[in-house]
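Scroll down for the structure; my scribbles are underneath it.
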Number of protein chains: 2
Amino acid sequence: MLKFYSFGPGANSLKPMLALYEKQLAFEHKLLNPRTFEHHSEWYKAINPRGQVPALDDDGRIVTESTVICEYLEDAHPTAVKLRPDDHFDRAQMRIWTKWVDEYFCWCVSTIGWHRHVSKMVEHLSDAEFEEVVARIPVAEQQVKWRRAREGFPQDLLDEEMRKIGSSVRKLDDHLADNEWLAGGMYTLADICNFSIANGMERGFAEFVNREDTPHLLRWIEQINARANVQRVFANVPREF
Amino acid sequence: MLKFYSFGPGANSLKPMLALYEKQLAFEHKLLNPRTFEHHSEWYKAINPRGQVPALDDDGRIVTESTVICEYLEDAHPTAVKLRPDDHFDRAQMRIWTKWVDEYFCWCVSTIGWHRHVSKMVEHLSDAEFEEVVARIPVAEQQVKWRRAREGFPQDLLDEEMRKIGSSVRKLDDHLADNEWLAGGMYTLADICNFSIANGMERGFAEFVNREDTPHLLRWIEQINARANVQRVFANVPREF
């Protein structure tokens with residue numbers, strides 16, 4: 001039996017969620033509450049010692065890292081619905097796009113998301129309460145990120161991340177101007193992983209993602225939102241923010 | 001016919017090179033000269049428009065990005081020698097390690113490498129000559145990196161990258177204390193991709209990688225260097241630095 005641990009339908013949590021729904025695999029869904037820092041709780045760190053979502057429990061074997069989980073589902077749970085091209089070259093193109101999300105696109109969007117949302121989650125805490133929260137975080141790098149979110153990210157870092165977001169959506173729009181999907185002429189993990197970051201940017205980042213500047217990116221976002229199995233995700237899984 | 005474009009046997013160029021040799025695939029090897037910025041030349045940009053090595057030409061189809069090329073070789077050119085575990089869970093663990101190199105480990109080492117080596121490649125150029133070099137670089141992000149290498153990276157960035165290098169080699173050593181190989185109990189792309197960055201760090205980063213602090217990491221580096229197909233790489237392909 002598959003058991004999937006995640007936050008709501010956004011960012012890294014959304015990637016394997018879309019794959020699970022698209023493949024129509026049966027799974028138990030355990031939603032964690034980011035506002036109570038449930039991913040840093042002892043019960044969850046017993047599942048993923050890094051205290052991060054998403055994680056997939058496949059009969060007791062825990063697979064972590066959203067993009068890796070997506071490929072794992074294709075490897076270990078093949079279905080009639082394929083989310084990876086069979087052609088090896090096309091599959092390589094798919095991986096260039098999923099790698100790019102993990103290395104570049106998700107980081108700049110994530111920093112701005114932390115600046116806007118996570119900082120609000122910790123601003124009402126006293127210093128002592130905040131230190132208790134941080135002490136429960138198992139990964140040192142993540143402790144640094146939480147401290148930065150509370151102190152406020154430096155403005156030059158926020159400016160640089162916004163520049164990267166602008167360059168990212170430009171790259172996506174340029175590619176989608178000539179291609180219905182990102183790789184292999186079909187809906188793949190490349191679309192799933194990029195959509196999970198890009199969906200909703202027409203609201204949060206309207207200065208970059210709008211009808212005039214990125215019509216092809218918006219066409220693709222709408223096309224994915226119109227898929228029955230994507231609509232099932234958003235109907236079933238409550239959003240947090 | 002496979003044709004492989006790369007720099008010498010280090011960093012990202014080394015990853016697919018090790019895979020090609022380990023699998024004993026026949027290929028034509030075209031070595032580019034980084035000192036003359038050959039990867040930014042028109043002839044090479046006709047092959048990889050991003051002006052980056054490595055790249056693999058497989059009967060006219062160009063595959064780029066070192067980790068993606070490694071997986072492509074496993075997909076498209078299966079051999080008796082397998083560099084990916086068959087077990088799906090083990091394969092996922094392998095991908096967590098190759099993803100970590102691309103997202104984290106290679107970046108901090110790369111910045112210090114640029115600081116030490118690339119800055120020397122451009123310091124003798126006049127401003128006008130340097131601008132000519134930069135103008136030939138097709139990726140805006142890379143232009144930024146070349147400018148930074150010439151101007152000098154800020155000290156706080158260099159300090160932060162050194163901290164990340166320290167934490168990276170600690171992570172590797174801790175894992176290798178209990179495991180012969182990084183994933184799946186066998187020599188895989190996880191080892192190849194991490195070794196390509198870690199090899200030689202006992203010289204360049206002796207404060208972090210040494211017999212006392214990282215004995216397991218050194219054992220693993222030596223174990224890989226002792227492989228016949230790894231020795232063939234270093235015997236056949238000249239080092240640049």
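The values are calculated or read from the model by the stated rules, or taken from the named source; none is laboratory data. Source: prediction; values computed, not measured. Every residue, glycine among them, receives a Cβ derived from its backbone with ideal geometry; neighbour counts consider all protein chains shown. To get the accessible areas, we keep the full protein, side chains included, count just its heavy atoms, and leave off ligands, DNA and RNA. Shrake-Rupley method; radii C 1.70, N 1.55, O 1.52, S 1.80 Å.
Overview of values
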| item | result |
| --- | --- |
| Anchor A:LYS82: lysines whose Cα lies under 18 Å away (excluding residues fewer than 8 positions away in-chain) | A:LYS15, A:LYS23 |
| Gyration tensor (alpha-carbon) shape descriptor, chain B, a/c threshold 1.5 | oblate |
| FRET E, pair A:LEU125, A:ARG203, Förster distance 25 Å, beta-carbon r, rounded to 0.05 | 0.35 |
| Accessible area, probe 1.4 Å, largest first, for residues B:ILE62, B:ILE165 | B:ILE62, B:ILE165 |
| Förster radius 51 Å - calculated FRET efficiency between A:GLU212 and B:TRP107 (Cβ-Cβ, nearest 0.05) | 0.90 |
| Chains B and A, summed buried accessible surface - 1.4 Å probe, Å², nearest 100 | 2600 |
| Average beta-carbon neighbours from other chains, 10 Å sphere, peptide B:91-100 | 5 |
| Shape call, segment A:2-76: gyration tensor on alpha carbons, a/c limit 1.5 | prolate |
| For chain B, built as a Gaussian network whose Cα springs stay under 10 Å, the top-fluctuating residue of B:GLN52, B:GLN143, B:GLN155 | B:GLN155 |
| Shielding of A:101-107 by partner chains, average beta-carbon count, 10 Å | 2 |
| Estimated D of the protein assembly as shown in µm² per second, where Rh is the Kirkwood radius over Cα pairs and Stokes-Einstein applies at 25 °C, 0.890 mPa s | 103 |
| 5 Å-binned pair-distance histogram of segment B:93-143 (Cα, whole percent) | 5, 17, 16, 21, 16, 11, 8, 5, 2, 1 |
| Neighbouring partner chain Cβ atoms per residue of B:136-146, average, 10 Å criterion | 1 |
| Innermost chain A residue relative to the axis carrying A onto B, by Cβ distance in angstrom | A:GLU103, 3 |
| Accessible surface, per residue, of chain A when the full set of protein chains is kept, probe 1.4 Å, Å² | 43 |
| Global geometry of segment A:88-227, whether rounded, prolate or oblate, following the gyration tensor of its Cα atoms and the 1.5 cut on a/c | prolate |
| Karplus-derived 3J(HN,Hα), 6.51/-1.76/1.60, for each residue of segment B:13-28, Hz, glycine and proline x | 5, 5, 4, x, 4, 4, 5, 4, 5, 5, 7, 6, 7, 7, 7, 8 |
| Chain A: calculated mean residue ellipticity at 222 nm from DSSP helix runs of at least 4, using -39500 (n - 2.57) | -16000 deg cm²/dmol |
| Zone of A:THR79's modelled label, taken as backbone nitrogen in segment A:19-40 under 16 Å from a point 7 Å along Cα→Cβ | A:19-29 |
| Accessible-area composition of the protein assembly as shown, carbon plus sulfur, in percent [1.4 Å probe] | 50 |
| Pairwise FRET efficiency - A:ASP156 versus A:VAL233, Cβ, R0 = 45 Å, nearest 0.05 | 0.75 |
| Point-charge dipole on Cβ atoms (K/R +1, D/E -1) for the protein assembly as shown, about Cα centre, debye to 20 | 260 |
